[in-house]
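The values are calculated or read from the model by the stated rules, or taken from the named source; none is laboratory data. All figures in this text were calculated on a predicted structure; none of them were measured in a lab. Cβ coordinates were reconstructed from backbone atoms using ideal geometry, including for glycine residues, and neighbour counts include every protein chain displayed. SASA here: full protein model, heavy atoms, side chains in, ligands and nucleic acids out. Shrake-Rupley method; radii C 1.70, N 1.55, O 1.52, S 1.80 Å.
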Amino acid sequence: MSAIFGLFGCGLLALVVIATGLRLQRFPVRARIAVMLAGAFAVFAPIGDLSAAAYVRGATGDLSMTTRVLAGAACVAQLTGPTVFKPQDLRVLFWLVACGALCLYPFALGWTPFDSYALGYGSIEFVTALLLVTLAAWHFRRNVVVLIVIVAAIAYCIGAYESRNLWDYLIDPLVALYALVRLLAGARRRPSHDVAPT
């Protein structure tokens, strides 16, 4: 099951890249659907011994549920037009991902004696902190954060990944880099709105 789940996530990411590269929203709805179906066939159909999704998985590993949810939302947006999640919800998500990456990767690389990656193996402190973040997101109606934590928890409970570390269900280097790029892009645009008129 973990292999199928991993291939699906990587195939979904490849499909989003194809749709975005083709700027699919320019086309009529029927054409979008046809292109997405053709793209799905191209991504999942075997090329020799492996499919394109398998090659992507070999390069990236299993993608986190955060990446999968964002990729799925991007696919829906390419087909229907409107974005699935509100911009302010995504901004909160990107900040949380960036903070998570800052807490995870420098420590996991062995730069300090503390190994934050080990917290993902059922640490009560980590689960409690995650629960508090989820409750805060639910209170402020940041639905994308709540959704991602719920689906990640379900995937973790059913053993959808080969990994048994909760970090791997929540974050991966690709989504960490994507969140950082989006935050930096937003920060570059914001100063122009903050300048008072003379």
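Can you give me the % of accessible surface on the chain that is carbon or sulfur? Probe 1.4 Å, all protein chains present, nothing else counted.
72 percent
Divide, for segment 114-178, the radius of gyration over alpha carbons by 2.2 N^0.38 Å, where N is the residue count.
Dividing the Cα radius of gyration by 2.2 N^0.38 Å gives 1.12.
Given the options ALA45, LEU184, ALA155, identify the residue whose Cα lies farthest towards the positive end of the charge dipole of the chain (+1 on Cβ of Lys, Arg; -1 on Cβ of Asp, Glu).
Ranked along the dipole, the leading option is LEU184.
Take segment 29-135, compute every pairwise Cα distance, and split them into 5 Å bins from 0; I just need the percent in each bin.
Computed distribution, short to long bins: 2, 9, 12, 17, 15, 14, 12, 10, 6, 2, 0, 0.
Run through every distinct alpha carbon pair of segment 94-137 and return the Kirkwood hydrodynamic radius in angstroms, one decimal place.
11.2 Å
What is the chain's relative contact order, in percent, from Cα pairs under 8 angstrom and six or more apart in sequence?
It rounds to 27 percent for the chain.
Place a point 7 Å from Cα of GLU125 in the direction of its Cβ. Which residues in segment 62-105 have their backbone N less than 15 Å from it?
The answer is 103-104.
Add -39500 (n - 2.57) for each DSSP H run of 4 or more in the chain, then divide by its residues: what number comes out at 222 nm, to the nearest 500 deg cm²/dmol?
-23000 deg cm²/dmol
Rank PRO28, LEU131, PRO113 by how far each Cα sits towards the positive end of the charge dipole of the chain (+1 on Lys, Arg Cβ; -1 on Asp, Glu Cβ) and give me just the farthest.
PRO28
Could you work out how much longer the chain between SER2 and ILE158 gets when fully extended? Use 0.36 nm per residue separation minus the Cα distance between them, nm to one decimal.
55.2 nm
Could you order peptides 143-154, 98-109 by the average number of other Cβ atoms within 10 Å of their residues, highest first?
The densest-packed peptide leads the list: 143-154, 98-109.
If r is the Cβ-Cβ distance from LEU135 to LEU177 and R0 is 22 Å, what FRET efficiency results, to the nearest 0.05?
0.20
Starting at the first residue of segment 179-186, write each ³J(HN,Hα) from the Karplus equation 6.51 cos²θ - 1.76 cosθ + 1.60 with θ = phi - 60°, in whole Hz, x for Gly and Pro.
Each residue's phi maps through the Karplus curve to give 4, 5, 4, 5, 5, 5, 5, x Hz.
I need two numbers for the chain: Rg to one decimal and Dmax as a whole number, Cα atoms only, in Å.
Rg, Dmax (Cα atoms, Å): 18.4, 65.
Highest mean first, what order results for 160-172, 128-140 on Cβ atoms within 10 Å?
160-172, 128-140
Just to be sure I understand the model, the point goes 7 Å from the Cα along the line to the Cβ. What's the resulting PHE114 to GLN25 distance in nm?
Computed distance between label sites PHE114 and GLN25 equals 4.1 nm.
From the Cα gyration tensor of segment 52-103, with a ≥ b ≥ c the square roots of its eigenvalues, which class applies: rounded if a/c is under 1.5, or else prolate if a/b is larger than b/c, or else oblate?
Verdict is oblate for segment 52-103.
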